[in-house]
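The values are calculated or read from the model by the stated rules, or taken from the named source; none is laboratory data. This is a predicted model, so every value here is computed, not measured. Using ideal geometry, Cβ is built from the backbone for each residue, glycine included, and neighbour counts are taken over all protein chains shown. SASA here: full protein model, heavy atoms, side chains in, ligands and nucleic acids out. Shrake-Rupley method; radii C 1.70, N 1.55, O 1.52, S 1.80 Å.
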Amino acid sequence: MLTTGNFPLRLKFSEIKPIYKKGDKNDTSNYRPISLLTSISKIFEKVIYNRMQQHIKKNNILANEQFGFRHARSTDDAAYYLINNILTALNNKEIVGGVFCDLHKAFDSVNYDILLSKLNHYGIKGRAYDVIRSYLSDRYQRVIVVSDSIKFYSKWEPVTVGVPQGSILGPLLFLLYINDLPNAISDVSYPVLFADDTSLIINNPDTPRFEKDINIVLEKLNKWFSSNLLLLNPTKTYFLQFITKNTRVLDLHILCGNKQITNMEVTKFLGLVIDHKLSWQTHIDQMIPKLNKASYIIRVLKPLLSLECLKTVYFSLVHSIISYGIIFWGSSAHAKIIFQIQKRIIRIITNSRNIDSCRNLFKELHILPLQSQYIFSLLMLVVKNRDCYITNSDVHTRNTRFNHDLHLPVVNLTIFQKGGWYSGIKLYNHLPPELKQLSYDIPGFKVALKKFLITSSFYTVEEYYCWKKD
């Protein structure tokens with residue numbers, strides 16, 4: 001196959017299983033089409049994928065603004081990049097807003113001729129190019145729907161557009177298709193991409209210039225989407241102006257094409273609910289019923305399961321909710337109620353009374369209290385991104401015992417001080433010396449840090465800052 005440049009025809013047939021996302025179940029647009037491919041097809045795709053990844057990594061092809069489907073990049077990294085740009089602009093007393101775009105069926109709209117021309121531009125030529133072209137051509141699919149254990153099939157139809165969702169190659173091909181988008185708009189905005197999720201941060205100290213920049217970036221964005229045959233959904237694309245208590249709220253009428261974009265105070269970004277004040281109250285409010293439901297499930301299962309099984313349930317239902325995005329909302333004053341629910345669940349697991357202290361229970365269960373989990377998650381992010389920080393020795397030449405600490409910038413804005421960048425530096429600089437020495441060995445640091453935090457079981461960040469070795 002790789003020597004002839006032909007992808008086997010028999011492996012180009014896929015069955016589409018519609019997966020419900022949200023909204024009206026009778027509306028077909030609310031379903032994601034997942035391609036069910038043969039195992040042999042996926043083996044061949046994996047070989048092609050590995051070859052392409054080597055080429056992409058070697059030549060540093062993918063844009064830094066793209067965080068989706070990439071090794072060692074996560075939704076936390078994407079959100080951290082976006083929120084830090086917002087906080088930096090606010091700290092510089094600039095007007096800052098975000099445009100959160102919704103693309104209509106982006107994966108299913110990829111044009112093969114455009115994609116192949118981009119692959120050629122990125123140096124995927126010769127036999128490799130022929131294999132991808134063969135992989136995309138002469139594909140067929142049919143839809144399978146299961147109702148009352150009966151399967152219904154549509155007719156086999158040719159596929160003329162879109163990359164298969166559920167395939168090995170599909171996500172990588174889409175990343176290359178959308179890869180030049182940041183270059184088209186980065187001169188007037190900070191784009192953040194997670195696959196097809198596209199968000200932009202625009203900031204400027206001057207109000208007229210800020211409004212002009214928004215119109216410029218949306219015009220460029222719309223032009224790029226049109227040129228690449230992708231469709232922006234204006235009704236699900238939102239604008240947020242991020243503010244502090246001293247910020248003047250602007251009355252903006254933002255147009256994309258000939259349709260107005262809705263001004264919002266709250267929106268969702270990669271599972272995080274972001275509000276215009278970055279207070280995280282709405283996000284935390286939405287966590288509460290999920291954790292209460294998990295608490296009820298654990299209470300029901302308590303008489304039936306062993307302690308170890310209950311811990312497994314805890315990490316599946318509770319820890320997964322608490323740990324997601326905690327580096328952003330963990331410093332919020334509204335997080336206290338989440339800690340109360342966490343302690344209630346710990347008492348249920350251990351069959352303890354409401355008046356019993358949970359500190360030793362956390363240690364016995366090897367579970368981190370909320371603020372200890374916040375410290376752990378933020379420090380891991382700092383260590384994984386050490387190249388983004390400077391040390392005190394980079395700023396001055398004086399030889400002090402704090403020379404190798406991360407440099408803490410001077411800021412006055414409280415919301416910036418609570419942000420991940422500033423808080424991460426402070427937390428790192430207060431680490432015990434032996435943990436700092438391990439910070440270049442990420443796996444070893446992770447194990448040692450978790451052991452330290454479980455042993456200490458900090459209830460607040462202030463306890464961590466006051467900690468002294470016995």
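Filter the stretch 189-203 for residues that are open to solvent by 30 Å² or more (accessible area, probe 1.4 Å) and either farther than 19 Å from residue 107 by Cβ or out of contact with any Ser or Thr (no Cβ under 8 Å at 6 or more places or on another chain) (or both) and give the result. Working first, answer last.
From the stretch 189-203, those open to solvent by 30 Å² or more (accessible area, probe 1.4 Å) are 190, 194, 196-197, 203; that's our starting set.
190, 196, 197, 203, listed by residue number.
Kindly list the number of the only condition in (1) surrounded by fewer than 17 Cβ atoms within 10 Å (Cβ to Cβ); (2) touching a strand residue (DSSP E or B) at 6+ places or on another chain (Cβ under 7 Å) that fails for residue 35.
(1)
Testing residue 270 on (1) touching a Phe, Trp or Tyr at 6+ places or on another chain (Cβ under 7 Å); (2) aliphatic (A, V, I, L, M); (3) within 30 Å of residue 208 (Cα to Cα); (4) open to solvent by 10 Å² or more (accessible area, probe 1.4 Å), one condition comes back false. Which one is that?
Status for residue 270: all satisfied but (3).
Which one of these is at pLDDT 95 or above and surrounded by 14 or more Cβ atoms within 10 Å (Cβ to Cβ): 221, 232, 310?
From the options 221, 232, 310, the qualifying one is 310.
For residues that are assigned to a loop (DSSP other than H, G, I, E, B), among the polar types (S, T, N, Q) and in contact (Cβ under 8 Å) with a residue 24 or more places away in the chain, tally how many sit in the stretch 222-269.
Selection size over the stretch 222-269: 5.
Out of (1) out of contact with any Lys or Arg (no Cβ under 9 Å at 6 or more places or on another chain); (2) closer than 26 Å to residue 104 by Cβ, the odd one out for residue 293 is which?
Single failed check for residue 293: (2).
Consider residue 112 against the criteria (1) open to solvent by 70 Å² or more (accessible area, probe 1.4 Å); (2) within 25 Å of residue 13 (Cβ to Cβ): it satisfies all of them except one. Which criterion is unmet?
Residue 112 satisfies all of (1) open to solvent by 70 Å² or more (accessible area, probe 1.4 Å); (2) within 25 Å of residue 13 (Cβ to Cβ) except (1).
When the stretch 1-32 is examined, which residues are found to be without any contact (Cβ under 8 Å) to a residue 40 or more places away in the chain, loosely packed, with under 14 Cβ neighbours inside 10 Å and hydrophobic (A, V, I, L, M, F, W, C)?
Within the stretch 1-32, 19 is the sole residue that qualifies.
Give me the pairs, please: first residue somewhere in the stretch 124-141 and at negative phi, second residue anywhere and polar (S, T, N, Q), beta-carbon distance under 6 Å, and either six or more positions apart or on two chains.
Final answer for the pair search is 134/6; 141/14.
Looking at (1) of a type in the set (Gly, Ala, Ser); (2) open to solvent by less than 10 Å² (accessible area, probe 1.4 Å); (3) not in a loop (DSSP other than H, G, I, E, B), which is the only condition residue 162 fails?
Result: residue 162 passes all but (3).
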